Amino acid sequence: TCSLSPPPMAWCWPMPASTSPIWRPATTAGACCCCPKTPIAARSAMRLTCDGRGLFVYRTGATLKVYHSRCPHHSTDIPDLAVAGGQLTCPKHEWAFDLATGRCIAKGDVPLTELPHKVDGDRLLAHW
């Protein structure tokens, strides 16, 4: 179950054997987006889509960061190809972000929207 609050919507992805995410409504009264914890290599990012909402998950060691995929500049939905190392660059106006902090490091001054999250067993629960 999701213990993050307030819970606006619920989706869940238990760790499947396959590599393709299959999103389905969660049965909890709360709301979380669940994604795999282990397939994300250290110092790398993974882009996930949940109910039409894009998310970037970045891992450094045991630390995970979860960000909304929309650029804070003009709300462009940043694609997975925009990740290079620990940096995410919006293709529309080239705003660049440090994925370890979410801070804008080129062109702008507004950070990525970081989403509250927690690890629950083999799942990462993110709240929006």
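The values are calculated or read from the model by the stated rules, or taken from the named source; none is laboratory data. Keep in mind that what you see is a predicted model, and the values were worked out from it rather than measured. When we count neighbours, we look across all protein chains shown, and the Cβ atoms used for this are built from the backbone with ideal geometry, even at glycine. These accessible areas exclude ligands, DNA and RNA; they are computed on the full protein's heavy atoms, side chains included. Shrake-Rupley method; radii C 1.70, N 1.55, O 1.52, S 1.80 Å.
Some points to look at:
- In this structure segment 45-128 gives 48 Å² per residue of accessible area when probed at 1.4 Å with all protein chains present.
- With 0.36 nm allotted per residue and the present C-alpha distance subtracted, the Thr113-Asp80 stretch has 10.3 nm of extension available.
- Alpha carbon convex hull of segment 44-128, projected area averaged over orientations, nm²: 5.3
- Most to least packed among 78-87, 97-106 [average Cβ atoms within 10 Å]: 97-106, 78-87
- Local electrostatic count at Ala106 - Lys and Arg +1, Asp and Glu -1, tallied over other residues with Cβ under 11 Å: -1
- Between Ala62 and Ala96, the FRET efficiency estimated from the beta carbon spacing at R0 = 25 angstrom works out to 0.50.
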